[in-house]
Amino acid sequence: MTLHLKKAELHCHIEGAAPPSLALTQAEKYGIDTDGFIREGVYVWNDFTSFIACYDAVASVFRTAEDYALLAETYLMDLAAANTIYSELFISPDHGEAVGLPALDYIEGLAAGIRLAKEKTGIECRMIIVGERHLGPENVVSRAKFAAKLDHPLVTGFNMAGEERMGRVADYAPAFDIVREAGLGITIHAGELCGAFSVADALEIVRPTRIGHGVRAIEEPDLVKRLADLGTVLEVCPGSNIALKVFPDYDSHPLREFVNAGVRVTLNSDDPPFFHTSLVQEYETASRVMGFTDEEINAMTRTAIEAAFVDEETRKVLLAQLEPTPMARE
């Protein structure tokens, strides 16, 4: 078991972290029919398009700042119980606005949940604002301008997620220029549904320090070498990749190949209940199914802290928590 290992997560969408039981409670609160997206206590979808639709339906049952505070606290408390010391949450104000919740209220609700979880467990957390690719370049640029002006202590980065097959990375480049100027950390979803070219485009045009997924880069050996040379961190989500059929099984998953090639990688759960996984399960899978040693997994956790969008003092404190205790050294 890997429960003894300290954990960190850089890639998790907050609405995608909602347990079905919580979504059902929320739906009942608002009189929302869940038959179309929850059956027998599990989320219902069959491909990426229907997954996005299911995700949006789940997001729609969270409607107030208090709802989002509960969601953030619930997820972070579960992480902390599994020995997690750091979490980054991808947040999408577009989901709040879709149900009439202003972006600032959405963020403050999440922040309240984050603070409660930290008070109770000590877990550190930051939020990364997401621009939804399938809503178009204008929307993503607008979201980037919002993020750049926000100046919230718990909002430290910007990401682009959503339907990767829509538009070209170049169409969205202005958004990343805006957030870079503001000093926010930059990551981008690439190399999941689309091939190695999308990772190459992200590196060339966006110049992120991290890439969400990025696993299709394995299709181009020169690109893998470039990732290693640049030190770009891949936020790898093996369970998500298998569930969405990016790879047919764990034997086909390239995580080991990336590590052997010197690419910096981290373990993440993405949208855990949608993919019947959790951060604990991802660590367990890396150990028991993919054959990584505790030392190798600890190195991935250290990479996550080194690549986290936090101030240097917080990073130093988090890295210190990864050091073995005197008893553990004996």
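Every number in this text was worked out from the coordinates using simple rules, so none of it is lab data. In this text, all values refer to a predicted model and were calculated from it rather than measured experimentally. Here the Cβ is made from the backbone with ideal geometry for all residues, glycine too, and neighbour counts use every protein chain on show.
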**Item:** Per-residue [θ]222 nm for the chain (sum of -39500 (n - 2.57) over DSSP H runs n ≥ 4, rounded to 500)
**Value:** -13500 deg cm²/dmol
**Cubic angstrom per residue, convex hull over Cα atoms of the stretch 243-329** = 126 Å³
**Fraction of antiparallel bridges per DSSP, the chain only, in percent to nearest 5** = 5 percent
**Fill in**
Around residue 146 (Cβ within 12 Å, Cβ-to-Cβ, excluding residue 146; K/R +1, D/E -1) the net charge comes to 0
**Complete:** The exposure ranking of 84, 25, 156, 314, fewest beta-carbon neighbours within 10 Å first, is 25, 314, 156, 84
**Message:** I'd like to know how the stretch 1-64 sits against the 2.2 N^0.38 Å rule of thumb: what's its Cα Rg over that expected value?
**Reply:** 1.30
**Request:** Using a cut-off of 15 Å between beta-carbons, work out the net charge of the residues near residue 305 (Lys and Arg +1, Asp and Glu -1, residue 305 not included).
**Result:** -1
**Fill in**
Once residue 171 and residue 142 are pulled to full extension, the length gained, defined as 0.36 nm per residue separation minus their Cα-Cα distance, is 9.1 nm
**Fill in**
log10 I(q)/I(0) for the chain, Debye formula on C-alpha points only (no solvent), q = 0.06, 0.10, 0.15 Å⁻¹, two decimals, reads -0.18, -0.53, -1.31
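So for 125, 237, 194, fewest C-beta neighbours within 10 Å to most, what's the order?
194, 125, 237
Counting Lys and Arg as +1 and Asp and Glu as -1, what is the net charge of the other residues whose Cβ lies under 13 Å from the Cβ of residue 54? Don't skip to the answer; put the middle values down first.
Details: positive: 39; negative: 15, 35, 47, 56, 271.
Overall, the nearby charge balance is -4.
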**Complete:** By Cβ neighbour count within 10 Å, fewest first, 279, 22 rank 22, 279
**Asked** With labels modelled as points extended 7 Å from the Cα through the Cβ direction, what inter-label distance (nm, one decimal) is found for residue 97 paired with residue 260?
**Response** 4.6 nm
**Prompt:** Over the Cα atoms of the stretch 159-291, how large are the radius of gyration and the largest Cα-Cα distance (Dmax), in Å?
**Reply:** 14.4, 43
**Cα point-scatterer Debye curve for the stretch 87-221, base-10 log of I(q)/I(0) at q = 0.14 Å⁻¹** = -0.63
**Message:** Charges at C-beta only: +1 for Lys and Arg, -1 for Asp and Glu. How large is the resulting dipole of the stretch 206-330 about its Cα centre, in Debye rounded to 20?
**Reply:** 220 debye
